[in-house]
């Protein structure tokens, strides 16, 4: 014990409580559960300290803030040493709540905040433990737990915390009629005294979200680290919408769009072998019906997870699954893809297209148009990175037999073909309509070129700042966020001079046709 510190609230001196009651005599002090009462419920060493401990107060609530009192010589107090030494108080904005529990690891702290009295809401806050840093409200909804008890303790894992880090809550349910007997409060039978343990995710920073937005399976867990999807059946996950394609934008080809949207985990798991994004098959346009789109954080509830034509997806078609607005916005930084891929098949530690399935990606180097065979039919072009392989180099790709003798060195031809396959990516405008007019291919219009305005790309064109979502089933990058910059264009035809005239007929050569 120690003398009351100078900063302590000036609680008036009243008569002691009447024995056997929770109420004070007339004019007495507030009860511990009163916002003006005195109730310590949290104790933890902040990160980096082995001498100073934080006392977290359930009450008093001071000007709407929760109170933490540092005990600066806590390590010296066991064994009767003293007196305790107190540091300057910390006042934390927990939304008018007090501290029901406090736990810290070597990196950060988590606060279980709740009302000083019995009624009110509970919430989780993450906090650095530094006096100058504000606690961050987390999105996990604790109302269901608080409806049948009072959360009073928490345990957090070691290390850096993420949105999905498990937090164990210990709740007092002594005031909950757990057995339907009508008896609550103090239970004389020790075998009927109850507490409850729940494990919840820490939740995303921001407002408290619907339950589905806080309790979910991360996308990267559903995807796994191999070609086939790791989890099948009904799954609930959360992510930022990175691209959306309506199901029926126009006649006469109402189904010639991907009919869904892509979402990506806001933080990812840091594992390059697992994808953080996934496609949501949504032919009934549930995303649009909810008024949601690119940039919104959504929960996809009860979608059926499977692989369809090589692509992992969640289907919310028909009466299956739903979309919930998580009421926050999110951004995803595009992941840089390095061409050529190290492999085209799934191999641990080797970058391949599967690693980026469903993710927002970019290329921080120029790409070059190398093939346009599908441009007029499907709105798709093939692009490559400038290359140097096997003594050859260029921007466009060439068939190996254009550079190597087709009758010699099959291994060299196979190696060049493998390199070509790994050094290309398809860029698609997201429209699956066939044989549309070239004027409709707005994504591939080529401005400021020697050709007429509105003309399409030419092989060899240089592309800058390509951003899109990787759809692995077709090995293509879907729907770039902004049209790529086309620079510089290929040169126009050379000036042959005013006196040049083509011959009226080709010159004749003597010879024979060979069968």
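Each value in this text was obtained by applying a stated rule to the coordinates, not by laboratory testing. None of the values given here were measured: they were computed from a predicted structure. Every residue, glycine among them, receives a Cβ derived from its backbone with ideal geometry; neighbour counts consider all protein chains shown.
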- Query: What Kirkwood hydrodynamic radius, in Å, does the range 195-234 give when the mean of 1/r is taken over all pairs of distinct Cα atoms and then inverted?
  - Reply: 12.5
- Based on the alpha-carbon gyration tensor of the range 90-154 and its eigenvalue square roots a ≥ b ≥ c, which shape applies: rounded if a/c is under 1.5, prolate if not and a/b is larger than b/c, or oblate? prolate
- Item | Ascending count of other beta-carbon atoms within 10 Å, so fewest first, for 457, 315 | 315, 457
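Could you tell me how many cubic angstrom of Cα convex hull volume the range 39-208 has per residue? Spell out each step's value before the answer.
Numbers: hull volume 23.0 nm³, N = 170.
Hull volume normalised by residue count: 135 Å³.
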- Query: Can you give me the Cα centroid spacing of the range 90-125 and the range 310-386 in angstrom?
  - Reply: 41
- Starting with the highest mean, order 232-245, 298-311, 147-160 by the number of other Cβ atoms within 10 Å, averaged over the residues of each peptide. 232-245, 298-311, 147-160
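Quick check on the range 328-396: take the gyration tensor over C-alpha atoms, sort the square-rooted eigenvalues as a ≥ b ≥ c, and tell me if it's rounded (a/c under 1.5), prolate or oblate. Spell out each step's value before the answer.
Values: a/c = 1.82, a/b = 1.25, b/c = 1.46.
Note, shape of the range 328-396 comes out oblate.
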- Inter-label distance for residue 91 and residue 160, nm, one decimal - labels placed 7 Å from Cα along Cα-to-Cβ: 3.4
- Task: With a point put 7 Å past each Cα toward its Cβ, work out how far residue 51 is from residue 289 in nm, to one decimal.
- Result: 6.3
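At a Förster radius of 22 Å, what calculated FRET efficiency corresponds to the Cβ-Cβ distance of residue 409 and residue 372, to the nearest 0.05?
Details: r = 30 Å, r/R0 = 1.36.
That pair, residue 409 with residue 372, gives E of 0.15.
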- Inter-site label distance for residue 336 and residue 63 at 7 Å from Cα along Cβ, in nm: 4.7
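Mind checking the full-extension length gain between residue 417 and residue 304? Use 0.36 nm per residue of separation minus the Cα-Cα distance, one decimal, nm.
Details: separation 113, 0.36 × 113 = 40.68 nm, distance 3.78 nm.
This chain segment gains 36.9 nm when fully extended.
Using only the Cα atoms, work out Rg/Rh for the range 213-331, with Rh taken as the Kirkwood radius, to two decimals. Intermediate values should be presented prior to the final figure.
Numbers: Rg = 13.5 Å, Rh = 14.2 Å.
That ratio is 0.95, to two decimals.
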- Message: Cut-off is 10 Å between beta-carbons; in what order do 127, 387 appear when sorted fewest neighbours first?
- Response: 387, 127
